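Everything below concerns the one structure shown next.
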Amino acid sequence: MRFPLWVVLAALPAFSAVNGIAVNGTTGQPQANVSINLVQPGANGMQALGNSKTGADGSFNIDVNIPPGPALLQSTYAGVTYTQAIPPGTPTTGVRVSVFEATAEPPAEMTTEHLVLIEPSATELRISETFFTKNQSNLTYQDAANGTVRLYLPQGAPTDLKVTIDSTGVPIQRPVQKGKQAGQFKIDYPLKPGETRFDLSYTLPASATFSGKVFSTNPPTKLVTPGSVTLSGNGLTDLGQEQTTQARVYSFTGNSFKVEILGVGSIRGPEAVAPVAGEESGAPKCCEEVPARVNTQMSWILGLSLTILLLGGTILFRRGVA
């Protein structure tokens with residue numbers, strides 16, 4: 001006999017007291033003066049259950065019963081909040097939370113991949129941009145003034161965009177803010193050690209061309225299209241097709257690009273893909289051998305495709321919340 005989830009959760013015992021230690025991942029030492037908040041997600045949003053501040057030895061104690069269901073510890077240090085889950089049935093004593101020193105300069109051990117997905121149709125041009133950051137340092141990069149991610153938006157793109165951010169498996173949304181100069185935009189979100197992904201999308205009027213600018217060329221930004229769409233333009237390099245999605249991948253030189261677009265299609269599903277003008281529908285004619293380097297560099301592009309397909313689905317509670 002199956003019972004509703006709320007019945008199962010209600011039958012679980014409530015936790016009493018949460019205690020542990022906060023460790024500075026930059027220094028490796030216990031960290032004093034960390035604000036610890038215990039919260040629980042519910043139908044009416046986050047409910048505050050209790051709070052504490054770490055002592056000189058990094059220890060904290062929140063003497064409160066946790067109602068049935070998962071809870072979260074939010075640890076704030078140096079202006080950055082670090083969140084970790086306390087799933088039902090896990091120990092609530094001796095909990096270890098990690099915080100890090102913050103820096104306004106990008107760590108040398110941090111890299112950011114930038115991908116622009118171009119999906120043209122007969123009525124619009126859909127653009128999806130992904131920034132995939134790997135911070136392999138023991139510092140959190142936080143630059144509220146300039147943003148930890150900076151980008152240009154093309155003329156005609158909406159300026160009230162929201163970006164979906166995923167650093168722990170549960171996506172959240174933040175606004176894309178205007179930068180210091182016209183046409184520049186920024187995302188103000190701390191880049192903690194580990195991986196962080198930023199996804200945003202917008203539509204433009206249907207066009208046979210598309211142009212843009214980027215802040216960084218190291219590593220080069222990749223332009224990606226469905227298999228039924230090809231690009232051409234000065235300084236553009238065709239890197240071949242990714243085998244699983246058949247997406248075409250391009251790179252370009254410099255900080256700006258302008259490409260001509262041939263064909264229409266979408267990477268979101270075969271029903272949205274139309275044949276390139278002048279080609280017969282059915283099996284693709286392209287029999288080009290794919291360079292091996294594409295296969296070794298494109299795992300994160302596959303991840304983007306899956307993210308696009310899943311963004312509209314149900315977000316399941318997983319260990320850790322941004």
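The values are calculated or read from the model by the stated rules, or taken from the named source; none is laboratory data. Just so it is clear, the model here is predicted, and its values are computed rather than measured. Ideal geometry is used to build each Cβ from the backbone, glycine not excepted, and the neighbour counts take in all protein chains shown.
Taking residue 129 as the residue in question, decide whether it is closer than 25 Å to residue 170 by Cβ, surrounded by 17 or more Cβ atoms within 10 Å (Cβ to Cβ), in the same structural domain as residue 174 (by TED's automatic domain parsing) and touching a residue at least 40 places away in the same chain (Cβ under 8 Å). For residue 129, the condition - closer than 25 Å to residue 170 by Cβ, surrounded by 17 or more Cβ atoms within 10 Å (Cβ to Cβ), in the same structural domain as residue 174 (by TED's automatic domain parsing) and touching a residue at least 40 places away in the same chain (Cβ under 8 Å) - is met. Scanning the range 247-265 for residues that are outside any strand (DSSP E or B) and hydrophobic (A, V, I, L, M, F, W, C) gives 247, 264. Taken together, the residues in the range 205-227 that are in a strand (DSSP E or B) and under 19 Å from the mean Cα position of the chain (by Cα) amount to 3. Working only within the range 229-246, note down all residues that are at pLDDT below 95, outside any strand (DSSP E or B) and farther than 25 Å from residue 150 by Cα. Listed by number, the residues that qualify are 242, 243, 244, 245, 246.
Could you please let me know if residue 62 is assigned to a strand (DSSP E or B), assigned by TED's automatic domain parsing to the domain that holds residue 228 and over 22 Å from residue 139 (Cα atoms)? No; evaluated as a whole, the condition is false for this residue.
Residue count for the range 26-46, restricted to those that are at pLDDT below 95, part of a loop (DSSP other than H, G, I, E, B) and among the aliphatic types (A, V, I, L, M): 1.
It is to be established whether one or more residues within the range 157-164 are surrounded by fewer than 20 Cβ atoms within 10 Å (Cβ to Cβ), assigned by TED's automatic domain parsing to the domain that holds residue 226 and within 25 Å of residue 248 (Cα to Cα). Checked the range 157-164: at least one residue is surrounded by fewer than 20 Cβ atoms within 10 Å (Cβ to Cβ), assigned by TED's automatic domain parsing to the domain that holds residue 226 and within 25 Å of residue 248 (Cα to Cα). Close contacts from the range 67-81, counting a first residue that is surrounded by 18 or more Cβ atoms within 10 Å (Cβ to Cβ) and assigned to a strand (DSSP E or B) and a second that is modelled with pLDDT under 95 and polar (S, T, N, Q), with Cβ to Cβ under 6 Å and a gap of 6+ residues or different chains, come to 71/40; 72/83; 73/84; 74/81; 74/83. Look at the range 49-64: where a residue is surrounded by fewer than 18 Cβ atoms within 10 Å (Cβ to Cβ) and a partner is acidic (Asp, Glu) and modelled with pLDDT under 95, sitting 6+ places away or on another chain with Cβ atoms under 9 Å, you get 50/63. Checked against the criterion of being surrounded by 15 or more Cβ atoms within 10 Å (Cβ to Cβ) and among the acidic types (Asp, Glu), the candidates 101, 105 yield just one match: 101. Looking at the range 84-186, the strands (runs of 3 or more DSSP E) lying wholly inside it that each contain 2 or more residues that are in contact with a Phe, Trp or Tyr (Cβ under 8 Å, 6 or more places away or on another chain) sit at 95-99, 101-103, 110-120, 124-135, 139-141, 149-152, 162-166. On inspection, residue 85 does not qualify as aliphatic (A, V, I, L, M), modelled with pLDDT of 95 or more and more than 30 Å from residue 127 (Cβ to Cβ).
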